[in-house]
Structures are given as C-alpha cells and as structure tokens.
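The values are calculated or read from the model by the stated rules, or taken from the named source; none is laboratory data. These figures come from a predicted structure and were not determined experimentally. Every residue, glycine as well, gets a Cβ built from its backbone with ideal geometry; the counts of neighbours run over all protein chains shown. Areas reflect the complete protein model, heavy atoms only, side chains present, ligands, DNA and RNA absent. Shrake-Rupley method; radii C 1.70, N 1.55, O 1.52, S 1.80 Å.
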Amino acid sequence: MTNMFYEGGIRCNGVNKNSSTSALVSIITVVFNDVLHIEATIQSVLAQNYEHVEFIIVDGGSTDGTLDVIKKYENKIDYWVSERDDGIYYAMNRGIDLVSGEWINFMNSGDSFYNSSVIKNTFNYEKNNDVDVIFGHHNVIYPYKKNIVVKAGDARLLWKGSQFCHQSSFIKSSLHKINKFNALHRIGADFEFFYNAYKNNKHFKYKDIVVSTVSAGGLSDIKRVDSIVGRWNVIEKTHKVNFYYICLVLNEMIKMHVKKIVKLWR
C-alpha cells in the first residue's frame, strides 16, 4: 500500500509563531482514525485564552474522516501532517521535532483542557526559567459515573509510578528535543521519560490547578500488569522497589482472578 503524505496549516503559508514577551507554548495532538473525538480536542486547544499558543497535529494516516475535520480548522492550526507511522510514541517524537515553542504539552485526540484559562493560568503570571516540567491535576471521565478530579502526587514518588497525568504536564522543549520518548516502550514511554528526567535532577514544579480532562480506560488502564512491569523495568532496582512492585503485580493478578470468578457466577 502506498504511504500517502499530506500536510497543511498556516505554517505552510509562511506564518511562523514566535514570542519575545511571553512563553510560546506548543500543543501537540496525536491522532489516528478518531473522527468521533478529534474535533472536541481541537476546539479545546483553540479555545485557550492565552495568546502565545502553537498548535501541531500529527496524524498517523487516518482514513475515517479525521482529516476532513482537521482541514475544517486549517486556518487556525499552525501545522498538521498525515502519514503512516509506527505507533503513538513515534508520532509524539515527530511532534517534538516540529515545535518551535519554549514549552510542550501533549493533548492527544479524545483529551481536552479542563477550561479555557489553563495555559494562561500556568504561564501568564510566573517566570519558569529554572523549571523543566510543570504538572497539575487531571479530571477523569468514567462511563456511567461522575467525573473525578485526580490530584497530582509528589514527583519524589515517581519510583512508585506516575504521579500526574501526561496531559496535565508541560515540558521544556529544550529538554524534550534531546530526550525523546523510547518508542520501543509500547505502553509506558511517557513514564520512562519523566522518571529519567527526575533521576537526572531536572526541576519539577507542581501547580495546584486542574489541567486536563481525560477518559478512563486508556491502554495503561486496560493492560494493568503490563504497565506495572513496564515501570518496574525502568526504575533502579532496590529491595524496597522490588518488594513494592511484586506486591502491585500480585494485587492486580488477584483482582483479575476475582473478576473471572464473579463472571462465572453471574
């Protein structure tokens, strides 16, 4: 099958974003065949009331109408590209190469900013010259349940697992451009990036705001044991770490076994 390549956006017309007064924040959206949700994500980004936003969309070669939705907002997107790739982290790394902003946020298809003032509240009133990662809380949408705001944890506890949602973080682009995602890590490359950044003494800054809204049931939620083992493989091993992760794996396996028994009795 021929690999089709498409691109568009105002950058293709010679319009390039830059900012000398405030931080330019680059939002990267990765999508593949998600026509039902991509528009809400695009609208969420475009609704931000912060002036200095660069919007990049990386599409994995969608054929379901996703590109029609993207083209609908052609004059408001800085740059979009559509081409087959080898998975989400390859696409995210491509997005990192494309940005020109000082900060990067990944708001992938199906996710959205919590409100229109998130970026403004993060960057308009404070200098973050010595900061590498800014993170906050996230709102989770559960099927048939109320939405729940999940508070961000302590970056010092990253050895236990993710302490904040990837969509609720902003990463200094100078850091990300030289430390991209390990695309061979199919589930937890984002965790691996944050853990290594903290281990290498990068400065993490907590913000007491809700940054993003995400849906429950992502890949790491569905493949819980794989996700836990993936984190365990990344972290420096000690007796304390090994005991902690053995307990996590056993707990997940017990829960899976109990669910199977419950289904049999229904």
Scanning region 231-245 for residues that are open to solvent by 50 Å² or more (accessible area, probe 1.4 Å) and either touching a strand residue (DSSP E or B) at 6+ places or on another chain (Cβ under 7 Å) or in a loop (DSSP other than H, G, I, E, B) (or both), the one farthest from Ala183 (Cα to Cα) turns out to be Thr238
Here the residues within region 144-188 that are among the charged types (D, E, K, R) and part of a loop (DSSP other than H, G, I, E, B) are Lys145, Lys146, Lys151, Asp154, Lys177, Lys180, Arg186
Residue set Val150, Val214; condition over 21 Å from Val241 (Cα atoms), touching a residue at least 12 places away in the same chain (Cβ under 8 Å) and buried (at least 20 other Cβ atoms within 10 Å of the Cβ); output residue Val214
Note on Lys71: of the conditions (1) surrounded by fewer than 21 Cβ atoms within 10 Å (Cβ to Cβ); (2) within 16 Å of the chain's Cα centre (by Cα); (3) modelled with pLDDT of 95 or more, unmet is (2)
From the option list Lys199, Lys223, Lys255, single residue qualifying as farther than 22 Å from Asn139 by Cβ, in contact with an Asp or Glu (Cβ under 8 Å, 6 or more places away or on another chain), open to solvent by 80 Å² or more (accessible area, probe 1.4 Å) and not small (Gly, Ala, Ser) is Lys199
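Could you please let me know if Asn121 is among the polar types (S, T, N, Q), over 15 Å from Thr29 (Cα atoms), open to solvent by 20 Å² or more (accessible area, probe 1.4 Å) and touching a Phe, Trp or Tyr at 6+ places or on another chain (Cβ under 9 Å)? Outline the logic, then answer.
Details: among the polar types (S, T, N, Q): yes; over 15 Å from Thr29 (Cα atoms): yes; open to solvent by 20 Å² or more (accessible area, probe 1.4 Å): yes; touching a Phe, Trp or Tyr at 6+ places or on another chain (Cβ under 9 Å): yes.
When the stated conditions are applied, Asn121 passes them.
What are the residues in region 196-210 that are among the charged types (D, E, K, R) and part of a loop (DSSP other than H, G, I, E, B), if any?
Step one: list which residues in region 196-210 are among the charged types (D, E, K, R), which gives 199, 202, 205, 207-208.
Passing the criteria: only Lys202.
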Taking first residues from region 95-117 that are closer than 19 Å to Ala40 by Cβ and second residues anywhere that are open to solvent by 30 Å² or more (accessible area, probe 1.4 Å) and hydroxyl-bearing (Ser, Thr, Tyr), the pairs with Cβ under 8 Å that are 6 or more apart or on different chains are Gly110/Ser215; Asp111/Ser215
Picked from region 125-147 (must be open to solvent by 70 Å² or more (accessible area, probe 1.4 Å) and polar (S, T, N, Q)), the residue nearest to Val31 (Cα to Cα) is Asn147
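Suppose we keep only residues that are out of contact with any Phe, Trp or Tyr (no Cβ under 6 Å at 6 or more places or on another chain) and small (Gly, Ala, Ser) within region 174-191. Which one would you say is nearest to Tyr245 (Cα to Cα)? Walk me through it before giving the result.
Residues of region 174-191 that are out of contact with any Phe, Trp or Tyr (no Cβ under 6 Å at 6 or more places or on another chain), as a first pass: 174-180, 182, 184-188, 190-191.
From what's left, small (Gly, Ala, Ser): 174, 188.
Values: Ser174: 33, Gly188: 15 Å.
Checked region 174-191; the qualifying residue nearest to Tyr245 (Cα to Cα) is Gly188.
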